[in-house]
Structures are given as structure tokens and as C-alpha cells.
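The values are calculated or read from the model by the stated rules, or taken from the named source; none is laboratory data. Predicted model, so just to flag it, every value in this text is computed and none were measured. Neighbour counts run over all protein chains shown; Cβ positions are idealised from the backbone, glycine included. Side chains included, ligands, DNA and RNA excluded: accessible areas come from the protein's heavy atoms. Shrake-Rupley method; radii C 1.70, N 1.55, O 1.52, S 1.80 Å.
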Amino acid sequence: MPKELAPRYDPSELEERWYREWEEAGVFTPPPQPASPRGKFVVVIPPPNLTGSLHMGHALNNMIQDICVRQRRMAGFDTLWLPGTDHASIAVHTVLERALAEEGLTRRGLGREEFLRRAWAWREKYGDTIIHQLKRLGCSCDWTRLRFTMDPALSRAVGEVFVRYWEDGLLYRGLRMVNWCPRCRTAVSDLEVRHEETDGMLWYVRYPAAGDGEGVVVATTRPETMLGDTAVAVNPADERYKDAVGSRVILPLVGRELPVIADDAVDPAFGTGAVKITPAHDADDYEIAQRHELPALVVIDEDGRMTDEVPAKYRGLSREECREAVLKDLQIEGFLEATKAYRVPLAVCDRCKTVVEPYLSRQWFVKQAELAKPAREAVARGDVKFIPERWTKVYFDWMDNVHDWCVSRQLWWGHRIPAWFCDECGEFVVAREAPTRCACGSEKLRQDEDVLDTWFSSALWPFSTMGWPEDTPDMKSYYPTDLLCTAPDIIFLWVARMIFSALKFTGRVPFHTVYFHPMIQTAEGKRMSKSLGTGVDPLTLIERHGADATRYTLTALCTQSQSFRLSEERFDLGRNLTNKIWNAARFLLPYVELAEDEGVPPAAELELADRWVLSRLERARADAQRAFDEMRFNDYAQTLYQFFWGEYCDWYLEAIKPRLYGKAPGGDAAARVARHVFDVLLRMFHPIMPFVTEELYRMFAPGRGFCARAPWPEAAAERLDAEAEERIGALFDVIRGVRNVRAEMNVPPASVVDIVIAAEEAGRGAAVAEELRPFFELARISSASTLAAGKRPAHAAAAVGGDMTVFVPLEGLIDFDVEMKRLARARQKTEGDIAALSRKLSDENFVKKAPADVVAADADRLETLKATSARLAENLAALE
Ligand SMILES: [Zn+2]
Ligand SMILES: [Zn+2]
């Protein structure tokens, strides 16, 4: 006897149990050497930050990977999903330095060694939080291969790459303008800076002439930087300043003489057309200074405070304090000519939102342009395919205009730069191992204090995780990978760099397909953010509805659009579906013979409904498979849902009840077909809803192994049966028609009806009446008789279906007087609504002013009301 299923589906118990069983049985671990004739399928997880905890974006991203991986595993591929975490340099610093501040300590006060000790301790304690959360979600990663970007082997790969870039002339150390975050106290890359417009001011300051004349008025949004000015510039074509060019002016508050120069980069339309040049604190000014050989004075330091290069009274002030002081002094001394409101473009640190300071410093740079070329070609050739395709253009645009990448960060947690400076000669050595001696003979070598940008190691992730630069078994067997699944916002930071790094160091693309998933927004269309409190928490959802329900809903919403909106109510969809699957299984279990082979019975034993459901299953399977292959996950989920709920449960299971209950012959065949269809559905739902499907699959046949490794349903084109679909389609039209009549005429649910079928074609009515017999219960029909076409029984409502008319005689079923009054009232009200809406729609004013979609919706409603009125009139006529 089959085991009984609990009346209510309880996800928490079975999700935990199955995840443990999968892991213990090694279901997620592929063989060391792929041997499957289907080949291999490999995905490397986008490593979540060590500091991370699962948010909706992670949930979606990892669930999609899991869906793909689970499907390939069932389809017979040797499947590897390799997990790991990222050391997340800046994020860890933010967390730890905040904790230090609470103890009244600072990073520098603590020292490098102690800080790193704390960082490792922190990782030990909290670093795996997100890994456990991925397990809750059901992710089928091979945890025996768990990696971390700072594992010794992966760190070795980072060092190797740095040295090879150096040896190949793709890496240099240079004095360059970088984005400096004074709060994070490190350089940040262009991609880690967010540009915002804020309400600011434009100040007009007079720089008096050094000799005769009026001097020049410059406009600036950052008066504090004037202390570092080394010139004033105008556009050479600007007639207003023709005479000023070549003269000298005096820098107010400082007294330094500045040349007035002409440069094409100056926009004559900005402010007065004359701008101050602060080479060390503005990227454009730096360019101009290079062309005119102007000195660069660093007046703001790494903490955002004024340096000793400024007059004593401003030294040590913060940028903000200094601005106040400078403005006050300019006012007092009469240099401030005007102040205007101005929209100021601000660059802020993506991590901490502090205004980024353009800062001239010595940093390490990777020449990306050269590396980008083959990476661009690989995508152009189709070696790497982007889905959706539109991201290809975004990628090309960036690759065509790529700049050098500043890879050094003034942080400690991360991969320390393998370069050693000599205290004697001032030169440096780049090396794989710490050198003992400089070329000059000195032994006074100090390693660079800085670490590498976290993305430097992330760029190597697809092959560093496999053991590169060693030629490991995994490098041989499981590299390159097949699929990368990512959010589109890191296409440059990460995707592009992985492609060029892999091509450079392994000679192969790191993956063949990149799937960019949509961004999840709140119900109001805002960005989901834990800190803003505008998110839906996936762990709460899993707690409340189960992982399967959470996953189903996310999949059903996952279109190939840019984004989708999410509110917690949407998860009812997934919860209702898991309950429905559970209940279908409970219904079926008693009829399923465990000993019986799950195969479909021979054609001779199949009845029309069986042939129909098998044909519909094959169509749904084929549609779903196509959607899956094209990575239209929402279509995949919805196709399965519609077939399962709308056809299998609502029609087929209802239709075979008399057979299963022994009231009609063919019960065994019905049970076997029902079970076969359910089994295929469980397997196809499994990648989306792994837990409930595993439970039920095993419940139906405990001996046959995991659903997670069950064979993927193959095409069964021989089951397609257009004739059965058409015939059943006609019968279901009749059932629907009779159900409608029952509803519209208020026929009590307990009453049975005798229907009359009138068809043009001779014998058609009788044939339909016969075929309909097994489905009578679906509309509480007790008998079906026939009538010549064109005739109509008395007091009967018509249910129209295709090439025949089906009548439901109502005598004895309802009280005609009461029903006629009700119908008449309903019709009167509908006519009233039609009149009102017609008036509204013929009002030119309304049609002109209202939004087009409102007008269209009203027009649709009018059509519906007219159809309702016509049907009410017909129903009335039937009773008269
Ligand atoms: Zn910052
Ligand atoms: Zn030396």
C-alpha cells in the first residue's frame, strides 16, 4: 500500500530532509572525469561577498543557475556547479572599521597584522552565512569544491597574473588622477563611482591682474580647491579674453601669480568662460596641466583634509570646513563677485556615498585596451553569447572605449601587491616570491602596502577556482565552463574582465553563454535595498511559503526584460501551486499500483480522454522545453503551470474519476496514464521546485532513486493526437457551455440537467452524446439526447459549442417567474450602464483629454456590456 501523504503540505520539514539526503548521497558531485556521452555542463557561481546575506537578487540569480544545473544533471550531463565566496575587500573593511570605531580604535592604530587577524576571525565566524542561505534556497552546488578568493591556490593565481601582466608590459605604476574616497581611504575605479546631480552653487571669484587691468573673474563649484590653482584658462576662440591670454593674475587669499592660458578644452559657455586650473584635484584640469606643463599642487590629503601646501590658517581643515572659510574670506576681502544656484554633478563612492575626490597619486594600472580586443572579437564571433542579446551592444561600446584600470587599493584585506620597493635606490621589483635583494645589492626591501582591487581576483574566478595555473584534473575536465548567470550591472566590472583574463591566460573563453537576469524592483518600481527597508527578504519568504513556492514565483516573473516588480503577495502563486501539486498527489496515491511499471498502457487500452491528455502533455513538454532552451524561464514555468492546473487537474483528473472510482470501466489504464503524466510533470517541475517534487517522486516509487537524478523527459511525438484533441476540445466546449448556463440561470448546484444536442451533420449529435457520457459529472449532466438542427426545445437555454448547439431545458429546475424577474432586472441595469458609458465615450472632451489607455479600456468595457445584455436577452427569451 502506498504511504499516505500528510493532508497539508509542510515545506520546512521535507526541505531540510531532502537537502541533507542529496548532500550525503553526493548527488551534486560529478565524477572526477566526465564520462557521459551527453558531455559536461559547468557553472561557476558568481561568488557572493563574504559580508553578504541573501537578498532577492542573489535568490533570483542562484535559482536560475540551479534550474539550469538541475535540468542538465537530469538530462545526463556530468554537471558541476562550483561554489565559493569573494573576500570583498572594501566591504570587509567597512564592517570591521565600523566595529573598531565602536571600540574607539582605528585601522591604522591597530596595525596591519592585528587588523588582518581580526578579518580572518570574522571570516571564520560569519563568512559562510550566505552559503547556508544558498542551501536553504535549494542550490545544488558541489560543496566539496567550495572555494574562497583568498585560498592559497587562488591567491597564487592572482600573483601569477600580476607578474605576467608586468612581464608582458600590460601593467604599470604611474602618477595618475584617480577617484579617491576619503572615507574608505582608497582609490576606487570609475565603475565604483556613482554620478549624481545635486543642488549646489556656482561662485564667481575675481582674480586680480598682476599688472595693469581688471584681472579675470572665474566661476567655480569648488572654491576650496582654488588654493591649489596653478593657472587660469580660457578658450582660444573666446574674443572676451583675447587680450588676457599670456598675462598673469594673482590668486586671492594665497597671493601666488598664475598664468592665463588658452586651451580648447575650456567651455566658453560655462560661467564666465574663464576657469581656474587645479591640476591635482580635477581630472580635466590635470589633462590641461599636462599640455601646458603646469605644476600640480596636492592641497587635499587622503583623509579629505587640507595639506601644508595651503596657507597656514586653512591647514588641517576638512574639505567642507575649508570651503566655508575660503568663501568667508573671499567675501571679506571683496573677491566674491556673485553666487548663483547651480546643478552640480557629483561623483560619490558607491560603497559609502562619500563625495569622491579626484586625487593625483601613484597607483598600479592594467592596460585594458589591448586585452579588450580579443575579448571583443570572441563575443562578435559568437564564442560567447549574451542573453538577452541587447547586452552585446553595451559590451561592445565599453570595450571600444576602455581605459586603463587602476588596480591598487589602499586597503589591507585582500591580495597584497607582489612588488617590493628598495629603500636604497628607490626602484621596485615585481616578483612571484619575495626577493631578498634588490638589483642595486641592497637588502632593504619593503613590500607594497596596498592590495589589489577585489575585481582583479574575481576576473580570474572561472579558472582560478579550477586550479590554474596548475594543469589540474579540473582544469582538464571541467574548464571552460558553459554558463555565467549575472546581473547586468556588473557587465564591465566583472563579465568583460573575466573574458579578457581567460583569453589571455587560458587561451579559451571562460564560458559560452552569459545570461543577464532582470533586476528586481519593489512593487512601486523602486530599487530593492535592505538598508532602505524597501526589499522583500527571500529568507522570510522561504520561512513563510517554502523554498519551492518562492522559487516558482520568481521563475514565473523572470522575463527577459530589464526589470520586474515584486511584492510579497505574488508568492501566493507559488504557494497555491505547491499545494495543488500536493493535493493532486494525495488524490492519486490510492490508485497508483506501486508494483506497476509507470509506462503508458498500450494504445488499445486508451480511451479518448487518455489520448487527449497524453497529446496535450507532449505539446506542453515541447513548448516548455523550447522556452527552457531559449532561457525564457517565465514561459517555462507558466507552460507547465497551465497544463498541470488547467488541463491535467481541472479536466483530466475530473474526467477519470468515474473510472478510478470503479463506476466506469478502464480504471487501470486511467490510473497508469494519470500517474505517467504526473511523473513527467514532477520531473519537469523539479528544476524549479526541487523539494516537493523529490518528496512526491519518491513517494510514488521509493525504490527508484532521486528525482534530482531522474531521467529528463524526452520528446514523445508519437503521442501527439490532433484528432483526440479536437474531439475532446468539442466536448469540453459543451461542458463549459452547460456550466455557464447553470451559473447564469441560477440552477441549484445539486440539480442534474438533461441536455439536448442539435447538430447540422447527421449522426454527429448522437456521436457527441455518446462521447460526452464519461464527462457528464463535470457539468452535473444526467442524460444527453439529440434533436434535428434548427429545432429548439421549449424553455431551454442555449449553450453554443462549435458546429452544434447544446440546449439545457430548464423546466422543473428553476422558478421561471423569479428567474425572469432577476434576468430582467439584470438586463435593465446592464442597459443603464451601456447608456451611461456610450454617453461618456461620445463626449469629445473626454475622449480628447483622457489618456488613450483609459479610453480604450472604456471601449472594451462597453463591448463586454453589450455582449452581456445580448446574452441576458437570449436567456430571457428562453424562459418566455
Ligand atoms: Zn567610500
Ligand atoms: Zn635598490
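Sorting 406-415, 603-612, 11-20 by their mean Cβ neighbour count within 10 Å, with the most densely packed peptide first, gives 406-415, 603-612, 11-20.
Taking K and R as +1 and D and E as -1, what net charge do the other residues with C-beta under 9 Å from the C-beta of ALA153 add up to? Summing Lys/Arg as +1 and Asp/Glu as -1 gives 0. In whole Å, what is the distance between the alpha-carbon centres of the stretch 202-234 and the stretch 731-777? So the two Cα centres are separated by 91 Å. Charge dipole (Cα centre; +1 on Lys/Arg Cβ, -1 on Asp/Glu Cβ; no other charges) of the stretch 167-248 amounts to roughly 280 debye.
Summing Lys and Arg as +1 and Asp and Glu as -1 over all other residues whose Cβ lies under 13 Å from the Cβ of ARG565 gives a net charge of 0. Surface analysis of the chain yields an accessible area of 44 Å² per residue, using protein heavy atoms and a 1.4 Å probe.
Measuring between their Cα centroids, the stretch 342-385 and the stretch 486-563 lie 21 Å from each other.
For the set LYS367/LYS393; LYS353/LYS385; LYS125/LYS353; LYS40/LYS135; LYS276/LYS313; LYS40/LYS393, the pairs lying more than 26 angstrom apart at their alpha carbons are LYS353/LYS385; LYS125/LYS353; LYS40/LYS393. Ranked by the mean number of other Cβ atoms within 10 Å of their residues, highest first, the peptides 100-107, 52-59, 493-500 come out as 493-500, 52-59, 100-107. Note on the stretch 616-769: with neighbouring protein chains present and a 1.4 Å probe, carbon and sulfur make up 50 percent of its accessible heavy-atom surface. In the stretch 192-278, Rg over Rh equals 0.99, where Rg is the alpha-carbon radius of gyration and Rh the Kirkwood radius from pairwise Cα distances. Residue order by solvent-accessible surface for GLU197, GLU4 is GLU4, GLU197, largest first, with ligands and nucleic acids left out and a 1.4 Å probe.
According to the calculation over all Cα-Cα pairs in the chain, the P(r) per 20 Å bin from zero is 12, 32, 29, 18, 9, 1 %. Counting only DSSP H runs of at least 4 residues, each contributing -39500 (n - 2.57), and dividing by the residue count of the chain, the helix-based mean residue ellipticity at 222 nm comes to -13000 deg cm²/dmol.
Computed from the alpha carbon positions, the gyration tensor of the stretch 616-663 leads to an equivalent ellipsoid with semi-axes of 28, 9, 5 Å, biggest first.
Element breakdown for the stretch 805-880 at a 1.4 angstrom probe: carbon and sulfur atoms account for 55% of the accessible area. I'd like to verify something in the chain: which complete DSSP H helices, judged by Cα projection on the helix axis, reach 30 Å or more and average at least -0.5 on the Kyte-Doolittle scale? Those that clear 30 Å and a mean of -0.5 are 722-744, 852-879.
Shape class of the stretch 189-345 from the alpha-carbon gyration tensor: rounded, with the ratio a/c of largest to smallest axis under 1.5. Packing order of peptides 636-643, 484-491, highest average first: 636-643, 484-491 (average count of other Cβ atoms within 10 Å over each peptide's residues).
Dipole magnitude for the chain: about 1080 debye, using +1 per Lys or Arg Cβ and -1 per Asp or Glu Cβ, origin at the Cα centre. Any idea how many Lys pairs in the stretch 765-880 come in under 17 angstrom at the alpha carbon, given 8 or more places apart or on separate chains? Close lysine pairs under the 17 Å cut-off: 6. By definition, a body whose alpha carbon gyration tensor gives a ≥ b ≥ c is prolate when a/c is 1.5 or more and a/b is larger than b/c, and the stretch 127-240 fits this prolate description. The separation of the stretch 806-880 from the stretch 629-695, counted between C-alpha centres, amounts to 38 Å. About its Cα centre, the dipole of the stretch 64-161 is roughly 160 debye, where the only charges are +1 on Lys and Arg Cβ and -1 on Asp and Glu Cβ. Cα gyration tensor of the stretch 580-724, axes a ≥ b ≥ c as square roots of the eigenvalues: rounded (a/c below 1.5), prolate (a/b > b/c) or oblate? The shape class here is oblate. Other residues within the sphere of radius under 15 Å centred on the Cβ of MET804, judged by their own Cβ, net out at -2 (K and R +1, D and E -1).
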